[in-house]
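The values are calculated or read from the model by the stated rules, or taken from the named source; none is laboratory data. Quick caveat: nothing in here was measured; it's all calculated off a predicted structure. Cβ placement follows ideal geometry from the backbone for every residue including glycine, while neighbour counts extend to all protein chains displayed.
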Amino acid sequence: MSARGADKRTAVELTEALASGETTSVEITSAALDRIGEVDGAVHAFLHVDTDGALRDAAASDARRAAGKSWGPLDGIPIAVKDVLATRGLPTTCGSRILAGWVPPYDATVVARLRAAGLPILGKTNMDEFAMGSSTEHSAWGPSHNPWDLDRIPGGSGGGSAAAVAAYEAPLAIGTDTGGSIRQPAAVTGTIGVKPTYGGISRYGLVSLANSFDQAGPVTRTVLDAALLHDVIGGHDPLDSTSIEEAVPALVEAARRGADGDLTGVRIGVVRELGGEGYQAGVLARFEESVELMTKAGAEVVEVSCPSFVHALATYYLILPAEASSNLARFDAMRYGLRVTPDVARDGAEPSAEDVMRATREAGFGDEVKRRIILGTFALSSGYYDAYYGQAQKVRTLVTRDFEAAFGQADVLVSPTAPTTAFKIGEKVDDPLAMYLNDLATIPANLSGVPGISVPSGLADQDGLPTGVQILAPAMADDRVYRVGAALEALLAQEWGGPLLDQAPALSLLEEGEE
């Protein structure tokens, strides 16, 4: 199949085609693999493609369907998985040289649930090393590129998953969100990204960056597709001590209900602190238009204040490095992954275990990982723990209290997802603070654990690149983000006259190149 013939159907449309006998999982999966072969040299969304495994699982799905034993609504729909989730028999590198060639002997719970639902796994997607970054430029294997403009970043750390979905290489993908790494890439690539309630999806087998923040979630092209995928991977897992022992809310029902665009009776809170200075004019313009559409659809819109949000970025970048420095201590060259043995130790003797560990971590970790390990170790060190880490945890509590107060005034909260559109590759890679500011609007949700979704809100006037609206709800009220997200999606589709991704100029160039 040529790139011009890329399968642009949504997951829901593909399930309908499977049910009617119009197509097969093998045909759908083959088309996705062909697309990857044609355009991923330019996009670089994937680190590893499992052609044989995906086609084998697709054939098994077709056999089940023929026997009337389908495993669920997404049985046979191919998916891409961020390379931070353990996959039995497939490489899992976390975008780092220190894990080059590591093949896990087990599946993460999310991956096990995908397999149990019959979704063929196309491969593993590119990411910032150990999920540290906002641009997917910190991958040891090179950056991913935004399908809207190949000279620009696709967001991070899960830019590979977002780029794969935006470039029609996969109808569905899994990302992880520690400080916005699902929602921010979704905003800058014109896709849907969902951060579920913390604990709503198992973290077992998700290689930890920061245990109290990390959360896997869906990356898709429609809200309903995200709800269907969330249903598959969500729910309690006894293997994860942070997993919530509650049933997953009725997400698909909520998304279908919202698709009529009616928001009568819904109270929407615009967060005062998540806008204004530092936000690109085009981003704010599209956000304000989205709020106006929701108002016309019957929503009651109020302004809410969350004063502690102004300290969220600093709080996050103290707590996260502290957890990361502890988590990454396990990569010591003694058990798995890269091992570098220096010729001689510093004193001329045979290299000790400490010498090997030092050489391995020096060679295996990139600059951003080293930076955060140093920052986190400092924040946890004697004499500084109370002044930095302890104080940051207190502010985290204040952020949670601000959310509780705001949700007393509104059913959901809204803001721009990211302060700017996608910037050029290399533009901020040497300026860590400028890079960290990309997570300005998404971090508060991770500090408190509440769910959020990013829905495309149009194109910025200045550069014609996608922007996103973030919708947040109270913990375990994920159905609210799906209902409001689906309603906004429907309202905006009426304005655009079709899918936003159809307007991506880089996709057109890729397709012309394959004629």
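Scanning segment 159-197 for residues that are within 8 Å of the chain's Cα centre (by Cα) and part of a strand (DSSP E or B) gives Ile174, Gly175, Thr176, Gly193, Val194, Lys195.
Select from segment 189-242 the residues that are small (Gly, Ala, Ser) and under 25 Å from Thr315 (Cβ atoms) and list them in ascending order. Lay out the reasoning, then the answer.
Of all residues in segment 189-242, those small (Gly, Ala, Ser) come to 190, 193, 199-200, 202, 205, 208, 210, 212, 216-217, 226-227, 234-235, 241.
Residues satisfying the conditions are Gly193, Gly199, Gly200, Ser208, Ala210, Ser212, Ala216, Gly217, Ser241.
Suppose we filter segment 456-478 for residues that are hydrophobic (A, V, I, L, M, F, W, C), touching a helix residue (DSSP H, G or I) at 6+ places or on another chain (Cβ under 9 Å) and in a loop (DSSP other than H, G, I, E, B); how many remain? Residues that pass the stated criteria total 5. Any residue at all in segment 479-499 that's part of a strand (DSSP E or B), in contact with a Pro (Cβ under 8 Å, 6 or more places away or on another chain) and either crowded, with 22+ Cβ neighbours inside 10 Å or aromatic (Phe, Trp, Tyr) (or both)? No, every residue in segment 479-499 fails to be part of a strand (DSSP E or B), in contact with a Pro (Cβ under 8 Å, 6 or more places away or on another chain) and either crowded, with 22+ Cβ neighbours inside 10 Å or aromatic (Phe, Trp, Tyr) (or both).
Looking only at residues in segment 96-149 that are among the aliphatic types (A, V, I, L, M) and assigned to a loop (DSSP other than H, G, I, E, B), the one that is nearest to Leu320 (Cα to Cα) is Met132.
Here are some residues: Val49, Val43. Which one is in contact with a Leu (Cβ under 7 Å, 6 or more places away or on another chain), within 22 Å of Thr136 (Cβ to Cβ) and at pLDDT 95 or above? Outline the logic, then answer.
Numbers: Val43 fails: in contact with a Leu (Cβ under 7 Å, 6 or more places away or on another chain).
Going through Val49, Val43 in turn, just one is in contact with a Leu (Cβ under 7 Å, 6 or more places away or on another chain), within 22 Å of Thr136 (Cβ to Cβ) and at pLDDT 95 or above: Val49.
Residues of segment 215-262 that are of a type in the set (D, E, K, R) and at pLDDT 95 or above: Arg221, Asp225, Asp231, Asp237, Asp240, Glu245, Glu253, Arg256, Arg257, Asp260, Asp262. Looking across segment 75-95, the residues that are of a type outside the set (S, T, N, Q) and more than 17 Å from the chain's Cα centre (by Cα) come down to Asp75, Gly76, Ile77, Pro78, Arg88, Gly89, Leu90, Pro91. Figure legend. Inter-residue proximity from segment 149-170: first residues closer than 23 Å to Thr442 by Cβ, second residues in a helix (DSSP H, G or I) and among the polar types (S, T, N, Q), beta-carbon distance below 7 Å, spacing 6+ or different chains. Indicated pairs: Pro154/Thr189; Gly155/Gln184; Gly155/Thr189; Ala162/Thr189; Ala163/Thr189; Ala166/Thr189.
Check whether at least one residue in segment 315-327 is of a type in the set (D, E, K, R) and in contact with a Ser or Thr (Cβ under 7 Å, 6 or more places away or on another chain), and report yes or no. Scanning segment 315-327, I find at least one residue that is of a type in the set (D, E, K, R) and in contact with a Ser or Thr (Cβ under 7 Å, 6 or more places away or on another chain), so the answer is yes.
When Ser308 is tested against (1) touching an Asp or Glu at 6+ places or on another chain (Cβ under 9 Å); (2) more than 28 Å from Glu137 (Cα to Cα); (3) free of Cβ contacts under 8 Å to residues at least 12 places away in the same chain; (4) not aromatic (Phe, Trp, Tyr), exactly one condition is not met: (3).
The set of residues in segment 374-407 that are hydrophobic (A, V, I, L, M, F, W, C), under 18 Å from Phe213 (Cα atoms) and modelled with pLDDT of 95 or more comprises Ala392, Val395, Leu398, Val399, Phe403.
Considering only residues that are under 18 Å from Ala490 (Cβ atoms), charged (D, E, K, R) and either under 22 Å from the mean Cα position of the chain (by Cα) or outside any helix (DSSP H, G or I) (or both), which ones fall in segment 251-285? Spell out how you get there, then give the answer.
Taking segment 251-285 first, the residues under 18 Å from Ala490 (Cβ atoms) are 251-266, 268.
Applying the additional criterion that residues be charged (D, E, K, R) yields 253, 256-257, 260, 262.
The answer is Asp260, Asp262.
Only one of (1) in contact with a strand residue (DSSP E or B) (Cβ under 7 Å, 6 or more places away or on another chain); (2) free of Cβ contacts under 8 Å to residues at least 60 places away in the same chain fails for Ala445. Which number is that? Exception for Ala445: condition (2).
Which of the residues that make up segment 398-422 are aliphatic (A, V, I, L, M) and surrounded by fewer than 16 Cβ atoms within 10 Å (Cβ to Cβ)? Working first, answer last.
Filtering segment 398-422 for residues aliphatic (A, V, I, L, M) gives 398-399, 405-406, 410, 412-414, 418, 422.
Within segment 398-422, just Ala405 meets the criteria.
Filter segment 453-478 for residues that are of a type in the set (A, V, I, L, M, F, W, C) and at positive phi and give the result.
Hit for segment 453-478 is Met476, nothing else.
The listed residues are Arg330, Arg361, and the only one of them that is out of contact with any Leu (no Cβ under 9 Å at 6 or more places or on another chain), of a type outside the set (Ser, Thr, Tyr) and within 22 Å of His138 (Cβ to Cβ) turns out to be Arg330. Taken together, Glu273, Glu300 contain a single residue that is crowded, with 16+ Cβ neighbours inside 10 Å, in contact (Cβ under 8 Å) with a residue 12 or more places away in the chain and acidic (Asp, Glu), which is Glu273.
Mind checking whether some residue in segment 97-111 is more than 23 Å from Ile36 (Cα to Cα) and among the acidic types (Asp, Glu)? Scanning segment 97-111, I find at least one residue that is more than 23 Å from Ile36 (Cα to Cα) and among the acidic types (Asp, Glu), so the answer is yes. Whenever a residue of segment 207-231 is outside any loop (DSSP other than H, G, I, E, B), its partners that are of a type in the set (Phe, Trp, Tyr) and crowded, with 24+ Cβ neighbours inside 10 Å, lying with C-beta atoms within less than 9 angstrom and at least six residues away or across chains, give the pairs Val223/Tyr482; Leu224/Tyr482; Ala226/Tyr482; Ala227/Tyr482; His230/Tyr482.
Let me confirm something: among Val450, Val395, which residue is of a type in the set (Val, Ile, Thr), touching a Pro at 6+ places or on another chain (Cβ under 9 Å) and either buried (at least 17 other Cβ atoms within 10 Å of the Cβ) or on the phi < 0 side of the Ramachandran plot (or both)?
Values: Val395 fails: touching a Pro at 6+ places or on another chain (Cβ under 9 Å).
Unique residue meeting the criteria: Val450.
For first residues located in segment 455-476 and acidic (Asp, Glu), partners that are outside any strand (DSSP E or B) and lie 6+ apart or on another chain with Cβ distances below 6 Å form the pairs Asp461/Gly282; Asp463/Thr421.
This table checks each residue for (1) surrounded by fewer than 24 Cβ atoms within 10 Å (Cβ to Cβ); (2) within 22 Å of Ala434 (Cβ to Cβ); (3) touching a helix residue (DSSP H, G or I) at 6+ places or on another chain (Cβ under 7 Å); (4) among the hydroxyl-bearing types (Ser, Thr, Tyr).
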site: Glu129; (1), (2), (3), (4): no, yes, yes, no
site: His138; (1), (2), (3), (4): no, yes, yes, no
site: His145; (1), (2), (3), (4): no, yes, yes, no
site: Ile153; (1), (2), (3), (4): no, yes, yes, no
site: Tyr168; (1), (2), (3), (4): no, no, yes, yes
site: Ala173; (1), (2), (3), (4): no, no, yes, no
